[in-house]
Amino acid sequence: MIVGRVTSDDVPVITLVVAGQTWAVIIDMGFNGDLELPVVLRAFLNARFAGRVRSLLAAGQSIVEDRYLVDFPFDGQTVVAVATFVPGDEILIGTNLLRAYRLEINFVARTVLLERVEAAGADAAAGE
């Protein structure tokens with residue numbers, strides 16, 4: 001289980017240690033990929049070029065960017081995730097990385113909860 005908070009700007013964040021540094025990580029529900037990472041982290045995550053991808057951003061803007069497979073520390077384990085690298089100092093987690101989790105954002109209490117869901121429970125919930 002990962003516990004986070006809702007910032008004063010109403011942004012859901014969790015805290016992760018990546019490359020020996022503590023990061024406030026934004027949970028971006030409008031991003032259906034895995035990760036968007038600061039370019040300074042590329043050397044620390046065993047980044048392997050995986051091709052180019054076209055991404056559709058807000059207001060219909062389309063960009064083409066390099067994507068990488070990375071070894072990312074998440075919820076007590078290292079997961080292989082698809083990431084893009086951008087200038088800046090924010091980490092964004094998208095919905096694809098959270099596909100095995102239940103996400104609860106309570107804006108009134110200012111809390112965020114990520115809880116891993118067992119595969120059997122996910123299959124039952126999907127009606128399989």
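Every number here is computed from the coordinates shown, using simple stated rules; none is lab data. Quantities reported herein were computed from a predicted structural model and do not represent experimental measurements. As a convention, Cβ positions derive from the backbone with ideal geometry for all residues, glycine included, and neighbour counts pool all protein chains shown.
With Cα atoms defining each centre, the range 67-102 and the range 44-60 are spaced 11 Å apart in the structure. Maximal additional length on extending the V108-V53 stretch stands at 16.1 nm, based on 0.36 nm per residue less the C-alpha distance. Near V3, within a Cβ-to-Cβ distance under 15 Å, what is the net charge of the other residues, with Lys and Arg +1 and Asp and Glu -1? That works out to +1.
Using 0.36 nm per residue, how much length does the chain from D89 to N32 gain when fully extended, once their Cα-Cα distance is taken away?
Using 0.36 nm per residue and subtracting the Cα-Cα distance, I get 18.5 nm.
Comparing I91, I27, I105 in a Gaussian network model of the chain, where Cα atoms under 10 Å apart are tied by springs, the biggest mean-square fluctuation is seen for I105. Residues considered: N96, N32, N106. Largest GNM mean-square fluctuation over the chain, using C-alpha springs under 10 Å, is found at N106.
In debye, nearest 20, what is the charge dipole magnitude of the range 16-128 about its Cα centre with +1 on Lys and Arg Cβ and -1 on Asp and Glu Cβ, if you could check?
260
Between beta-carbons, use under 15 Å as the cut-off and find the net charge around D66, counting Lys and Arg +1, Asp and Glu -1. My count for the surroundings of D66 gives +2.
Normalised by 2.2 N^0.38 Å, with N the number of residues, the alpha-carbon radius of gyration of the chain equals 1.09. Other residues lying with their Cβ under 13 Å from the Cβ of L114 contribute a combined charge of +1, Lys and Arg counting +1, Asp and Glu -1.
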